[in-house]
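Engineer: This structure is in structure tokens; I'll ask about it shortly.
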Amino acid sequence: IGASAAGKTTLLNILSGRTSEGVTGTILLNGHKESLSFFRRVCGFVSRTDVLPAYNTVSECLHTSAHLRLPVSTTKQARIKFVRHIIRLLGIENITNELLGSSDGQWGLTPDQRKLANIAMEFAANPPIIFLDDPTAGLDSYQAGKILNALRRVAGTERTIVCSMEFPSAYQFHKFDNVLALKPGGRCAYFGPIGHDSESMLSYFHSVPGVSGISSGANPATFALEAIERAQIDIVMFFNHSRLKSDNDRRLKELATPTNEKPSELLKEKLRVSQWVQFKVLVISTLRMYWRLPYYNLARMFSGLLFALVCGSLPKRGPVKTQSDVVTQILLMYVVCVFMANTNLYAAMDLANRELQVFLRERAVRLYDTIPYAMSRVVAELVFLCLNITVFTFTFYFTVGLDTNIYKFYWFWMYYALTISVAVFFGQMFGSLVVNGGDAGNYADLIMGLMTTFGGVTINPAKIPKMWQLAFWMSPYHYMLEGISTTTFHGNHRVVDVITSDGPTTMTAEEYSEYFFGGVFSYDNRWTASTALGCVALGCIFIRIFTLHLRSRGSG
């Protein structure tokens, strides 16, 4: 306990291993020196804010946490049995099949239920020590009582529970066995037992010169904090020269004496599951989450279907006969692809931004590695993208009246799929790069505007100034446009009347589709264009993995 700025959270982060920069000292478990990475594996941490995956149920989160964090040798039956034990112990049987919901409480679990779910997820790792940063923050007395009662039951399973609390009530305070009272600046003013009805702690503070007795019915925790603040002497110095401090030092020496059992040797089997197992578990979890995201997947599908029907019905059906028909089809394909790409980009960016805090929390407790997490999102996204892309392309392609040649349809499907994939993975990357959603949207607007401008429609590729040529070659939309325009009109020998700078003339539809872009686009570049789009998509995936890795290092 301690007043604001006493260093409670800082100390808790150091003790739990979440903060190591600038920290010196030795970690002893059973008297044996252990590494920080090992200590992190055997302890749990529950943060003050319950950042949890909104579209997973409590039961699903518990089973996922147990699968990823229990020893590799644990059988499926043993995991299920342990999760059921956690649910009974914490008294959360009535919410196991409920979605966790939003962190702002607009839907889903109540604040105390979210806290219990958060504790349960850490308990699923079966840690001997659990650290909690102010677990009753933002809760009323009844909800806080439920949390403390649950923690008391967890402590009854021979686990150490370490909490930081700012102003605990007397009821909450008496749930604990020992208290560390900090003075602002992180200095220790008292560390010892609380005792029955706080007798041990109160007798100590009554011995401090200038501290009057506690009034009847007063909160012992509040009394201790006020005594620390109002003491007429240096209470930290008083504690350092007290008998209690001597007893603590003697006890510390006893605990620092090595036993015959070194934890890292005893818990050799407590190895994390492989990245392949992490990937499989996370793919199932992510697919389940995506299925429950109607605003994300269904909205994209139905908006794409509606847009395909509207745009497909705009031009007159039938083979191209005039210069205008060729230009209309080219521009229509470009506009449709760019619009759908931008729609998917912003949706993916928003989702990635929402998930970022959940990822950082789960990485801080070493639930999984970065690569399995990122790749599970890629796989889940591709599964739903394939469905959305196929629905859209079938609807648009045959509604607008493009060539029914299956080979040409394949090319259109592939270029559209690659373009949407680039947009989605770019959105995921950007949502991870820029934490603030508003800033991410503004930067994305600028980049997408430049990509659209230099895609080859706004400015003829042959007339782009040399200083902007690099922007043209870097724009993914350039490769999309080159691919769909050249493959759509390839082999189309229908003669159309065109007006060029040299006057009226005739060309085949295939020739004019290349002439329209100043001869820069060519059917021979179709594989180069598709490869370029694929490379951009892969680049976005790799950048996102690298970004998430750097962010997770900073978070814990």
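Engineer: Using only alpha carbon pairs under 8 Å that are at least six residues apart, calculate the relative contact order of the chain and give it in whole percent.
Structural biologist: Once divided by the residue count of the chain, the mean separation gives 15 percent.
Engineer: Using 1/(1 + (r/R0)^6) with R0 = 25 angstrom and r between the beta carbons of residue 253 and residue 160, what's the FRET efficiency to the nearest 0.05? Write down the numbers at each step before the final one.
Structural biologist: Working: r = 19 Å, r/R0 = 0.78.
For residue 253 and residue 160, the calculated efficiency is 0.80.
Engineer: Among the lysines, which have Cα under 28 Å from the Cα of residue 408 when same-chain residues fewer than 8 positions away are ignored?
Structural biologist: The reachable lysines, counting only those whose Cα sits under 28 Å from residue 408, are 316, 321.
Engineer: What is the set of long-range amide H partners of residue 132 at a cut-off below 5 Å, with H atoms built 1.01 Å from backbone N?
Structural biologist: 46, 162, 163, 164
Engineer: Sticking with this one: For the stretch 541-549, what does the Karplus curve 6.51 cos²θ - 1.76 cosθ + 1.60, with θ = phi - 60°, yield as ³J(HN,Hα) per residue in whole Hz, taken in order and with x for Gly and Pro?
Structural biologist: 5, 5, 5, 5, 4, 5, 5, 4, 4
Engineer: Below 17 Å, Cα to Cα, which lysines can residue 8 reach? Residues fewer than 8 away in the same chain don't count.
Structural biologist: Once the sequence-local lysines are set aside, what remains near residue 8 is 183.
Engineer: Let me check I've understood the local charge: for residue 367, count other residues with C-beta under 13 angstrom from its C-beta, Lys and Arg +1, Asp and Glu -1. What total comes out? Before the final figure, lay out each step's value.
Structural biologist: Working: positive: 40, 41, 69, 272, 361, 363, 366; negative: 122, 362, 369.
So the surrounding residues net to +4.
Engineer: So if I take the centroid of the Cα atoms in the stretch 504-529 and the same for the stretch 144-169, what is the distance between those two points in Å?
Structural biologist: Cα centroid of the stretch 504-529 versus Cα centroid of the stretch 144-169: 72 Å apart.
Engineer: Share of the chain's accessible area from carbon and sulfur, percent, 1.4 Å?
Structural biologist: Working: 15450 of 26280 Å².
Carbon and sulfur atoms account for 59 percent of the accessible area of the chain.
Engineer: I would also like to ask the following. How high is the FRET efficiency between residue 236 and residue 261 when r is their beta carbon distance and R₀ equals 30 Å, given to the nearest 0.05? Each step should come with its number before you reach the end.
Structural biologist: Working: r = 36 Å, r/R0 = 1.20.
The value I calculate is 0.25.
Engineer: For residue 215 and residue 531 in the same chain, what is the full-extension length gain: residue separation times 0.36 nm, less their Cα-Cα distance, in nm?
Structural biologist: That works out to 105.9 nm of additional length.
Engineer: So, one more: What distance in nm separates the simple spin-label points at residue 28 and residue 137, each placed 7 Å from Cα in the Cβ direction?
Structural biologist: So the two model labels end up 3.2 nm from each other.
Engineer: A further question follows. Let me have the 222 nm mean residue ellipticity of the chain computed from DSSP H runs of 4+ only, each contributing -39500 (n - 2.57), with the sum over all residues rounded to the nearest 500. Don't skip to the answer; put the middle values down first.
Structural biologist: Numbers: 22 runs with 321 residues, N = 556.
Calculated mean residue ellipticity at 222 nm is -19000 deg cm²/dmol.
Engineer: Additional query: How large is the accessible surface per residue of the stretch 329-373, computed with a 1.4 Å probe and reported in Å² as a whole number? Show your work: numbers first, answer last.
Structural biologist: Values: 1260 Å² over 45 residues.
Accessible area per residue: 28 Å².
Engineer: May I pose another question? Write down the accessible area per residue of the stretch 71-228 in Å², having rolled a 1.4 Å probe over the full set of protein chains. Spell out each step's value before the answer.
Structural biologist: On the way: 7240 Å² over 158 residues.
Heavy-atom accessible area per residue stands at 46 Å².
Engineer: What length, rounded to one decimal in nm, is gained on full extension from residue 275 through to residue 386, with 0.36 nm per residue of separation minus their alpha-carbon distance?
Structural biologist: Details: separation 111, 0.36 × 111 = 39.96 nm, distance 2.55 nm.
Extra length available between residue 275 and residue 386 comes to 37.4 nm.
Engineer: Could I ask something else about it? What do you get for GluC sites (Glu not before Pro) in the stretch 150-250 restricted to DSSP loop and a cutoff of at most 14 other Cβ within 10 Å of the site's Cβ?
Structural biologist: 158
Engineer: Compute the length gained on full extension between residue 73 and residue 435: take 0.36 nm times their separation in residues and subtract their Cα-Cα distance, giving the result in nm to one decimal.
Structural biologist: Working: separation 362, 0.36 × 362 = 130.32 nm, distance 3.81 nm.
Taking residue 73 through residue 435 to full extension adds about 126.5 nm, to one decimal.
Engineer: What accessible area per residue, rounded to a whole number of Å², is obtained for the stretch 414-453 using a probe radius of 1.4 Å?
Structural biologist: Values: 1340 Å² over 40 residues.
Averaged over the residues of the stretch 414-453, the accessible area is 34 Å².
Engineer: When we measure straight from the Cα of residue 81, which aspartates and glutamates land under 15 angstrom away, once same-chain ones fewer than 8 places off are left out?
Structural biologist: 60, 93
The values are calculated or read from the model by the stated rules, or taken from the named source; none is laboratory data. Note that the coordinates shown come from a computational prediction; the quantities given were computed from them, not determined experimentally. So basically every Cβ, Gly included, is an ideal-geometry build from the backbone, and we count neighbours across all protein chains shown. Just the protein is used for accessible areas: all its heavy atoms, side chains included, with ligands, DNA and RNA removed. Shrake-Rupley method; radii C 1.70, N 1.55, O 1.52, S 1.80 Å.
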